[in-house]
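The values are calculated or read from the model by the stated rules, or taken from the named source; none is laboratory data. All values reported here derive from a predicted model rather than from experimental measurement. Note that we place each Cβ from the backbone using ideal geometry, even for glycine, and neighbour counts take in every protein chain shown.
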Amino acid sequence: MKLIFDHSRSIFQEKVPLIFLEAEREEESAKFMFENGWVPYYYDGYETWYQTCSSRLKISEISKRRKKELDKIKISASTNNLDIKSPDYLELYSLGNFEDFYFDDVFWGRVLYIEDQVMFAVMNITRSEKSYGTLSYYYLLQKFLGKYEFLYTTDFFEIFKYKKNLPGFQYWTGEKWV
């Protein structure tokens with residue numbers, strides 16, 4: 001693996017500098033990268049990984065309550081809705097093998113397939129009374145049950161603390177998954 005220190009993305013927070021660390025895979029598998037806290041994105045046509053406090057969900061059966069909530073949503077892989085606004089950063093997750101999904105004809109998320117791993121890369125951040133954000137995780141847990149061990153869910157910082165309440169939640173400390 002080739003490590004890349006990008007000081008233009010580093011910041012100084014209170015008394016300590018925070019260094020932005022990226023990597024390019026050489027012989028490492030996607031599984032190795034994910035298991036060691038790396039998260040992928042695509043920049044200028046190249047796969048790049050960054051080190052972060054990442055998160056994942058151990059894929060398991062979802063509750064009957066969540067299944068009923070999902071049954072009330074029209075879930076599709078495409079839409080005819082011309083008013084859809086996708087997130088500006090969607091292109092960072094647009095190379096390789098990916099799949100978009102829509103809830104009630106609104107773009108709701110993108111999943112990346114990298115080798116034998118799966119990652120929920122992008123979610124629509126629009127607020128919804130229907131709890132689409134939370135339900136998108138349950139939808140993916142149900143979709144990937146028996147196919148993958150983990151659903152990687154990118155970063156875990158204070159802004160993403162709601163992820164703690166999802167079933168099978170784990171986060172990368174920099175040393176191990178907890």
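Residue by residue through segment 127-173, note down the ones that are at positive phi and in contact with a strand residue (DSSP E or B) (Cβ under 8 Å, 6 or more places away or on another chain).
Residues satisfying the conditions are THR154, GLY168.
For segment 123-157, which positions are modelled with pLDDT under 95 and of a type in the set (A, V, I, L, M)?
Scanning segment 123-157 gives MET123, ILE125, LEU135.
Anything in segment 152-175 that is polar (S, T, N, Q) and surrounded by fewer than 15 Cβ atoms within 10 Å (Cβ to Cβ)? List them, or say none.
Listed by number, the residues that qualify are ASN165, THR173.
If a residue must be without any contact (Cβ under 8 Å) to a residue 40 or more places away in the chain and under 13 Å from GLY37 (Cβ atoms), how many such residues does segment 150-178 contain? Before the answer, list the steps.
Taking segment 150-178 as the starting set, the residues that turn out to be without any contact (Cβ under 8 Å) to a residue 40 or more places away in the chain are 158-159, 161-162, 164-165, 175-176, 178.
Restricting the remaining residues to those that are under 13 Å from GLY37 (Cβ atoms) gives 175-176, 178.
Count: 3.
Can you name the strands (runs of 3 or more DSSP E) wholly within segment 22-117 that have at least 2 residues being of a type in the set (D, E, K, R) and without any contact (Cβ under 8 Å) to a residue 60 or more places away in the chain?
97-103
Okay, residues lined up against (1) modelled with pLDDT of 95 or more; (2) farther than 18 Å from ILE4 by Cα:
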site	(1), (2)
GLU27	yes, no
VAL39	no, no
TYR42	no, no
GLU47	no, no
SER54	no, yes
LYS58	yes, yes
SER63	yes, yes
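Could you please let me know if GLU47 is surrounded by 14 or more Cβ atoms within 10 Å (Cβ to Cβ), farther than 17 Å from PHE157 by Cα, in contact with a strand residue (DSSP E or B) (Cβ under 7 Å, 6 or more places away or on another chain) and acidic (Asp, Glu)?
Criteria met by GLU47.
Across segment 86-121, which residue is modelled with the lowest pLDDT among those that are of a type in the set (A, V, I, L, M, F, W, C) and more than 13 Å from the chain's Cα centre (by Cα)?
Checking each candidate, the answer is LEU95.
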